[in-house]
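Colleague: Before we start, here is the structure in question, set down as structure tokens.
The values are calculated or read from the model by the stated rules, or taken from the named source; none is laboratory data. Everything quoted here is computed from the prediction, not taken from an experiment. We place every Cβ from the backbone using ideal geometry, glycine too, and count neighbours over all the protein chains shown. These area figures cover heavy atoms from the full protein model, side chains too; ligands, DNA and RNA do not enter into them. Shrake-Rupley method; radii C 1.70, N 1.55, O 1.52, S 1.80 Å.
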Amino acid sequence: MSISIVIPIYNGWKHTHPLLFDIYNNFPQDTEFIVADDCSTDEEVMTGLNWWQTGLLKDRLRVIRNEKNVGFLRNSNFAVSKASNEIVALISNDVRISDKTVASKLKEIFAQSTGFTLVGNRLLDWDTGWNTIDGKIYPYLEGWFLSFKKSEWLQVGGFDTRYTTCDFEDVDLSTTYLAGGGHLVFLDAEMVHVGAQSYKYSPEREANTKENQERWREKWK
């Protein structure tokens with residue numbers, strides 16, 4: 001079983017470049033790399049991706065460029081649909097991975113999985129202040145690192161794009177898996193999420209997250 005790594009980006013090359021090095025150093029040679037560029041305006045992105053495509057990742061890195069900016073959720077969904085392998089890891093570009101066991105652990109998890117399985121590096125199954133709704137805690141895997149079978153992702157519809165710009169789409173996806181009898185699995189691996197690089201924390205973002213929480217409640221009530 002080979003793995004496809006999908007990295008949706010919009011600018012932020014200072015994060016994407018070291019993540020590509022991390023994956024190059026810690027994943028096996030048969031790993032597919034897909035960078036989904038959502039119309040970056042930074043010329044450094046084009047230069048950097050060309051460096052990888054003509055160098056260390058020649059014939060292994062595929063770059064998908066949207067004709068117009070579609071946002072993180074649609075960019076992720078489209079890129080996953082282009083993955084060549086059944087096992088996919090969707091990784092935000094502001095993640096650092098220092099663990100050589102990630103690929104083998106993912107392969108083992110999916111080889112033993114029964115039913116739909118969503119894997120992540122951070123499982124929040126306690127009250128975070130956001131995932132307790134109408135008195136009930138809804139566990140979820142944070143969306144900066146998610147792994148799944150492509151066929152299952154497509155069947156559940158991937159990220160629900162009603163959650164604009166982002167936030168709460170990972171709660172929704174986790175709820176979708178659980179509601180269908182699936183499983184949320186914690187991946188014990190060494191990685192770090194820097195966080196809030198493309199979409200900064202702000203009062204506006206907090207307001208957006210609250211709106212998405214209401215969208216979630218309306219969908220799942």
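Colleague: Which percent of the accessible heavy-atom area of the chain goes to carbon and sulfur, probe 1.4 angstrom?
Modeller: Carbon and sulfur: 50 percent of the exposed surface of the chain.
Colleague: Next question, about the same structure. How charged is the neighbourhood of LEU154? Take every other residue with its Cβ under 15 Å from the Cβ of LEU154, and add Lys/Arg as +1 and Asp/Glu as -1.
Modeller: Taking every Cβ under 15 Å from that of LEU154, the sum is +1.
Colleague: Going Cα to Cα from LYS149, which aspartates and glutamates come in below 15 Å? Please leave out same-chain ones fewer than 8 positions away.
Modeller: Cross-link targets: GLU32, GLU86, GLU108.
Colleague: Right, here's the next one. Pairs of alpha-carbon atoms within less than 8 angstrom and 6+ residues apart define the contacts here; what relative contact order does the stretch 102-141 have, in percent?
Modeller: It rounds to 34 percent for the stretch 102-141.
Colleague: Of the DSSP beta bridges with both residues in the chain, give the percent that are antiparallel, rounding to the nearest 5.
Modeller: Values: 14 of 33 bridges.
The answer is about 40 percent antiparallel.
Colleague: Right, something else. Tell me the per residue accessible area of the stretch 101-156 using a 1.4 Å probe; a whole number in Å² is fine.
Modeller: Roughly 46 Å² per residue, with all protein chains present.
Colleague: Turning to a different aspect of this structure: Please work out the average accessible area per residue across the stretch 1-70, using the 1.4 Å probe convention, and give it in Å².
Modeller: On a per-residue basis, 48 Å².
Colleague: Taking a 31 Å limit on the Cα-Cα distance, which of the listed pairs LYS100/LYS221; LYS58/LYS107; LYS14/LYS150 fall beyond it?
Modeller: LYS100/LYS221
Colleague: Test of understanding: given the chain, find the longest segment containing no chymotrypsin sites (Phe, Trp or Tyr not before Pro) that are in a DSSP loop and have at most 11 other Cβ atoms within 10 Å.
Modeller: Free of exposed loop sites, the longest segment is 1-125.
Colleague: Identify which of the listed values of mean projected area of the Cα convex hull in nm² was calculated from the structure shown: (i) 15.1; (ii) 11.7; (iii) 13.8.
Modeller: From the options (i) 15.1; (ii) 11.7; (iii) 13.8, the structure gives (ii).
Colleague: Remind me, relative contact order of the chain in percent, using alpha carbon pairs under 8 angstrom and six or more residues apart?
Modeller: Contact order relative to length: 23 percent.
Colleague: Would you list which aspartates and glutamates come within 13 Å of LYS219, measuring only between C-alpha atoms, while excluding same-chain residues fewer than 8 positions from it?
Modeller: ASP160, GLU169, ASP172, GLU211
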